[in-house]
1. Could you give me the ³J(HN,Hα) list for the range 41-53, computed from phi with Karplus coefficients 6.51, -1.76, 1.60 and θ = phi - 60°, whole Hz, x at Gly and Pro?
2. If you roll a 1.4 Å probe over the heavy atoms of the protein chains, what accessible area per residue do you get for the chain, in Å²?
3. Using the beta-carbon distance between residue 165 and residue 88 and R0 = 41 Å, what value does 1/(1 + (r/R0)^6) give for FRET efficiency, to the nearest 0.05?
4. Give the share of C-alpha pairs in each 10 angstrom bin for the range 77-147, from 0 to the last occupied bin, in whole percents, shortest bins first.
5. Tell me the angle of helix 125-134 to the major Cα principal axis of the chain, expressed in degrees between 0 and 90 and rounded to the nearest ten.
6. Beyond 23 Å between alpha-carbons counts as too far, so tell me which of 250/288; 70/288; 103/215; 102/215 fall in that bin.
7. Please state the Cα pair-distance histogram of the range 152-217 with 5 angstrom bins from zero: what percent is in each bin?
8. Can you list which of the trypsin sites (Lys or Arg not before Pro) found in the range 1-94 are DSSP loop residues with at most 14 other C-beta atoms within 10 Å?
Amino acid sequence: MCLLRKNNVILHMDEACTNVVVEDDRVVGIETSKGSYSFDVVIVATGGKSFVSTGSSGDGYQWAQNLDIKVSDLYPGLVALRTKEDFDLAGLSLSNVGIQIKKGKRVLYKECGDILFTHEGLSGPAILAMSSYVINSKPERIILDLICDKSIDEVDMLLLERMNYSSNKKLSHILETMIPKRLVQYVMNRLYIDASLKANETTKAQRRSISELLKCLSFEIANFAGFEQAMITVGGIKTNQIQPQTMETKKIKGLKFIGEVLDLDAQTGGYNLQIAWTTGYVAGSTIKEGAN
Ligand SMILES: Cc1cc2nc3c(=O)[nH]c(=O)nc-3n(C[C@H](O)[C@H](O)[C@H](O)COP(=O)(O)OP(=O)(O)OC[C@H]3O[C@@H](n4cnc5c(N)ncnc54)[C@H](O)[C@@H]3O)c2cc1C
């Protein structure tokens, strides 16, 4: 705020911009809910169309399209996944889980990371990161590898060793040494294995089916949460219409676009904020020496 005052920046709060005014391929000002203003340079920094409660409703895309500036298809990005199956695991988080996203037999995405079970499906850093890659490919299945540093035979051998070592113990208690208790209950239920089964009563087929499920826990994907829950918008003003040295459009003199309204997006970790700051800096700092 101090810097703004020092530099005589005038803020117009509670005044929505409604249009960018262009004459003869040169920006001449803006219209707002309270009037109109003349400017030589206009920087559009309206953000994406996700998380509307933050004030970003996608106005910048509309202004661009009205001026024949191309906008690529828009999708919600960094967003949670909804599964068709219901499971009572909400709140359970797991580290270092293998994630595979499939459409038919085709693998669309493969990564390892941290996940969180929710009331509707799955979230967490690895799920959010994955969403931006596959959301427009209509993925069908997510397959989780709960012990991704071991092969299925190694998991089976580990389970067998623990069962032999504690043969009189309940199978569920042995599994709790490998995965969280809530997940043990889910695995046993999903495989119709009696919760009271002891290690020495467990058949080889039952043990193998558990090892397979730990390596390949599959859920049908219903969809992804929408723009209202998405952290970013994928797509936007195509960057080949922008001069990266100034962020000015190649088509309309004095008109600049910065931040999330552009067709630029990245993973979590501050990269999207960095895009906004960097493009904002370039657009602002080149106003004087730009060809405006
Ligand atoms: C919950 C959440 C968590 C996030 N976490 C991260 C993170 O960890 N790391 C990361 O890199 N990114 C994260 N992001 C994304 C990041 O916040 C955005 O990419 C970044 O803020 C985009 O900056 P921007 O200035 O382009 O747009 P915004 O920050 O969206 O700002 C746009 C501004 O324009 C205003 N506006 C829109 N239309 C008009 C209009 N017609 N008239 C006047 N004003 C208007 C809006 O009110 C808003 O204040 C997160 C986003 C959300 C929603």
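The values are calculated or read from the model by the stated rules, or taken from the named source; none is laboratory data. Fair warning: this is a prediction, and the values are worked out from it, not measured in the lab. So basically every Cβ, Gly included, is an ideal-geometry build from the backbone, and we count neighbours across all protein chains shown. These accessible areas exclude ligands, DNA and RNA; they are computed on the full protein's heavy atoms, side chains included. Shrake-Rupley method; radii C 1.70, N 1.55, O 1.52, S 1.80 Å.
1. So the J values, rounded to whole Hz, are 10, 10, 9, 8, 10, 7, x, x, 10, 9, 6, 3, 4.
2. Numbers: 16040 Å² over 292 residues.
I get 55 Å² per residue for this part.
3. Values: r = 30 Å, r/R0 = 0.74.
Step by step, r from the Cβ atoms, then E = 0.85.
4. The calculated distribution, bin by bin, is 22, 59, 19, 0.
5. Between the helix axis and the principal axis of the chain, the angle is about 70 degrees.
6. Details: 250/288 18 Å; 70/288 27 Å; 103/215 19 Å; 102/215 15 Å.
Distance filter (> 23 Å) returns 70/288.
7. Each 5 Å bin holds this share of Cα pairs: 3, 20, 35, 30, 11, 1.
8. Values: sites: 5, 6, 26, 34, 49, 70, 82, 84; in loops: 34, 49, 70, 84.
Filter output for the range 1-94: 34, 70, 84.
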